[in-house]
Amino acid sequence: MKRLGRWVVTPLSVLALLAASVACGGEPAPTTTSSSSDGILRWGSSSQPTSLDPRKSATFDPLFLLPVYDPLIRRDAKGNLVPALATEWKLSPDALTLELTLREGVTFHDGAAFDAEAVKANIDTGRQPGNNLTSALSVVDSVEVVDPTHVVLHLKTPSSHILNVLAGEAGMMISPNALNNEDLGTNPVGAGPFKVVTYNQSSLIYERWDDYWDRDSIKLKRIEMTFLLDEEARLRALINGQVDAAPIRSNQKEQALAAGLELTTGEAAFLYGLMLNTSRSQLGNPLVRKALIHAIDREAINQAFFDGDCKPVVQPFPPSHWAHVPGLEDSPDGRYDPERARELLAQAGLPNGFDLEMYMGTAPTFQATAQAIQAQLAEVGIRVNLTAMENTALATARRNGEFESSFASIQSGRPDPSQFVVDFYTPNGLFNPGKTTIDGVEPLLQQMRATDDPQARAEAMHEIVTTALKAGPPMTPVCSALVVWAHTDKVKGLEIAVNYDYEFRSVYIADN
Amino acid sequence: MSTTVIVRRLGGGVLVLWMVSVITFALIQLLPGDAAEAIAGDYATPEDVERIRREMGFDRPVVEQYVRWLLQVLSGDLGNSLYSGRPVTDLIFEVAPATISLTCVAIVIAVVLGVTFGIIAAIRQGSWVDRAVTSLATFGIAMPNFWLLMLLLLPFTVMNNWLPATGYAPMSRGFGTWLSHIILPATALGLASAAELARHARGSAADVLARPYIRTARARGATGSWLISRHVLRNAAIPVVTVLGLHVGRLLGGSIVIESVAGIAGLGTLAINALLQRDYVTVQGFVLFSAVVVVVVNLIVDLLYGWLNPKVRA
């Protein structure tokens, strides 16, 4: 080294210096030990919010919205309605007017008062064209302020599903002073338990708002979300202790358990299935659609591609959802039975099967699963020609009905299960390009939308699901994927909400 | 370097940027369907798509759209993200520090390791050191950087809790914290460049060491660091600087994969997310921004030639 002299030694010592400063400058040890009423939850998020403005947000955004915005009505983890900013609601017997009684003494983060005028202002801006709530709120004819704590929604048609709509993004109350803020998407102003203190492309940090009306129920002082979209990076951050909890993939469970992490799993109103265009190929024939139901070995797909975490379903809703009909999967109309599928095809005049075009997205899980379905359908004589398509092209094809069938992931529970019925099972539905009518579904839909009695709604929904299955549904369900969260043993009270209404209301950090 | 040379280089840079602007604009035009379909998303009706098409001016002649877009870009407005609606320039400047840090540390690692070992190998030509450096360099060039990063992450973050497993910390949180987050990704990113630089540095230093003036200098008593720093380094630097200039573009590209493995929110992550979210306006902004960086760096490299070697100044 001596001969090489100063110049060569200097750069090496630069590196040594860099290494030294890393060694002594590492992160301070995380302080997760804290009393149970002011813990910090560090969450590794698998997605980034589209917008923190509920009028512009997307399907998986409630996780980011609910800490900031309290909804008029809350939905618990099972999907049941509970009072929030509205303490009571009353739907008229004809289901044409909804009267809400509002909580008193609530203010927004910016000090504005929460009252009937604020509710009217929110719903009126949500109804304006060009935002994501327009269609959900299209049943609202007008909003009438009765007095500061009472507001009445006049509806165009009997619409009990408005309650679930108001439990979603449309009911998340924005401060009336912030409704026109250009930066609401990054700087949200609601009446929820937390305020956003930092939001950039790597993290979203919330701090508890001490003037929250239900302050005592909130046991976290801070929620620090880090966006870790890569699954491996997320698991590494969990093992390394950089985050306390995060969603993981089913086949990462073993690794997480080996690292001493705990798991919380739950169902979601989300399913994989085949979207069918009933005006193409042989799909207009109900017998063919029934054959598709019997031809798919859902359990094999579940085991092979989802490690047992994709519940086989022949209906749009997972087992724990109130709209789910128990036992349908094993019924004569729903069970895996390739022999029956061949019989049905023969009855349809297709003893030699038929050709079917199928589009799929480019994600590896999609491709593998779609290929398995292709092989299973070949067993009964349906010759599937699979085409992988770029997402925009796929969405365009679906929108314009320019496809025969498509393997897709579909969320079925938001804002209300009846929306799925409208979109897929009614002739003018967004995803029913063949305009198929299923006898009996529309009267049942009206019946369901005419009552807010949970029991009556569930019964009507069950009958719709059963009727559609018997008639050969224009969408073939395959399985409903479970949500898996891994977390340290200090994180308690995590609940996976079936409708994606993820809240951290029940979460606390244990002392030990 | 004379003014005409600088002007000519600048002109070339502007021409390249203009071509990039045409290509990135075409990116949006070549979308399956069109951008209105992408903006509308999965749940929109055909009427919604038509409304967006009109609102965004996609129904106008292509040339008109291009001129309007170019004027907008020249005024510093890269448009708004289709996904979040935020200005693309804000998105880029928010995450650029992470990528710039990553790339700069990678360059430091590449230069320090590459030049040091290259020159050691040149001085000890034919020795075991030389052979070791040459074979290690081949290995370094052949190794995919993301795989290297995974290998590095395992002992430092998963098996032991020595370094943070993911993410980026700005320098404002302390130099050590900043470095502890990027040292592994930067090493993984920089090693391939270090390997290539080592080979170039070895070649050009060996070349210079064989020159008569070195023999003369040695005869005058110049040895060790004096000889290397006075007579060898500057003369051997030109091929090294050229390679380094080319590598800046490659390092920026490499950061796309490295950032996503390391969970760093930088330009690479922005670009990948934008692609996955079909946010073509952001992709367009990213491509344009990267092109500007590469063109500017190459301009600097050109100017450095003049400083390093007076013969180029003519």
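In region B:144-155, which residues are surrounded by 20 or more Cβ atoms within 10 Å (Cβ to Cβ) and at the interface with chain A (Cβ under 10 Å from one of its Cβ atoms)?
Scanning region B:144-155 gives a single hit, B:Leu153.
So which residues in region A:251-262 are surrounded by 13 or more Cβ atoms within 10 Å (Cβ to Cβ) and under 21 Å from A:Phe305 (Cβ atoms)?
Correct list: A:Asn251, A:Gln252, A:Lys253, A:Gln255, A:Ala256.
So which residues in region A:35-57 are more than 14 Å from the chain's Cα centre (by Cα) and within 10 Å of chain B (Cβ to nearest Cβ)?
Correct list: A:Gly44, A:Ser51, A:Leu52, A:Asp53, A:Lys56.
Which one is farthest from B:Ile258 (Cα to Cα), of the residues in region A:224-239 that are in a strand (DSSP E or B) and at the interface with another protein chain (Cβ under 10 Å from one of its Cβ atoms)?
A:Thr226
From the list B:Ala165, B:Ala186, exactly one residue is over 14 Å from B:Gly263 (Cβ atoms), in contact (Cβ under 8 Å) with a residue 60 or more places away in the chain and not β-branched (Val, Ile, Thr). Which is it?
B:Ala186
For region B:161-183, enumerate the residues that are assigned to a helix (DSSP H, G or I), more than 7 Å from every other protein chain (Cβ to nearest Cβ) and surrounded by fewer than 24 Cβ atoms within 10 Å (Cβ to Cβ).
Answer for region B:161-183, where residues must be assigned to a helix (DSSP H, G or I), more than 7 Å from every other protein chain (Cβ to nearest Cβ) and surrounded by fewer than 24 Cβ atoms within 10 Å (Cβ to Cβ): B:Met171, B:Ser172, B:Arg173, B:Trp178.
Would you please list the contacts, defined by Cβ atoms under 9 Å and residues six or more apart or on different chains, that run from a residue in region B:239-265 that is without any contact (Cβ under 8 Å) to a residue 60 or more places away in the chain and more than 14 Å from chain A (Cβ to nearest Cβ) to a residue that is among the polar types (S, T, N, Q) and in a helix (DSSP H, G or I)?
Listed pairs, sorted by first residue: B:Pro239/B:Ser204; B:Val243/B:Ser193; B:Gly245/B:Asn298; B:Leu246/B:Asn298; B:Gly249/B:Ser290; B:Gly249/B:Asn298; B:Arg250/B:Ser193; B:Gly253/B:Ser290.
Scan region B:8-29 residue by residue and report those that are touching a residue at least 60 places away in the same chain (Cβ under 8 Å) and over 18 Å from B:Gln65 (Cβ atoms).
Selection gives B:Arg9, B:Leu10, B:Gly13, B:Val16, B:Leu17.
Name the pairs whose Cβ atoms lie under 7 Å apart, with the first residue in region A:468-481 and over 21 Å from A:Asn428 (Cα atoms) and in contact (Cβ under 8 Å) with a residue 40 or more places away in the chain, the second part of a strand (DSSP E or B) and among the charged types (D, E, K, R), and 6 or more positions between them or separate chains?
Within 7 Å, the pairs are A:Cys479/A:Lys311; A:Ser480/A:Lys311.
Quick check, is B:Arg218 more than 30 Å from B:Val287 (Cβ to Cβ), out of contact with any strand residue (DSSP E or B) (no Cβ under 8 Å at 6 or more places or on another chain), within 14 Å of chain A (Cβ to nearest Cβ) and in a helix (DSSP H, G or I)?
In short, yes.
So, B:Ser204, is that one more than 25 Å from A:Glu232 (Cβ to Cβ), of a type in the set (S, T, N, Q), crowded, with 19+ Cβ neighbours inside 10 Å and away from chain A (no Cβ under 11 Å) or not?
Spelling it out, B:Ser204 is indeed more than 25 Å from A:Glu232 (Cβ to Cβ), of a type in the set (S, T, N, Q), crowded, with 19+ Cβ neighbours inside 10 Å and away from chain A (no Cβ under 11 Å).
Tell me which of these A:Phe431 doesn't satisfy, since it passes every other one: (1) in contact with a Cys (Cβ under 6 Å, 6 or more places away or on another chain); (2) within 24 Å of A:Phe403 (Cα to Cα); (3) not polar (S, T, N, Q).
Every listed condition holds for A:Phe431 apart from (1).
Among the listed residues B:Val158, B:Val133, identify the single one that is among the hydrophobic types (A, V, I, L, M, F, W, C), assigned to a helix (DSSP H, G or I), out of contact with any strand residue (DSSP E or B) (no Cβ under 9 Å at 6 or more places or on another chain) and in contact (Cβ under 8 Å) with a residue 24 or more places away in the chain.
B:Val133
Among the residues of region A:452-459, is there at least one that is surrounded by 23 or more Cβ atoms within 10 Å (Cβ to Cβ), more than 11 Å from chain B (Cβ to nearest Cβ) and either under 23 Å from the mean Cα position of the chain (by Cα) or at positive phi (or both)?
Yes.
Please enumerate the residues belonging to region A:209-223 that are surrounded by 20 or more Cβ atoms within 10 Å (Cβ to Cβ) and in a strand (DSSP E or B).
Passing the criteria: A:Leu220, A:Ile223.
All of the numbers you see were taken from the coordinates with simple rules; none came from a lab. Predicted model, so just to flag it, every value in this text is computed and none were measured. Cβ atoms come from the backbone with ideal geometry, glycine included; neighbour counts cover every protein chain shown.
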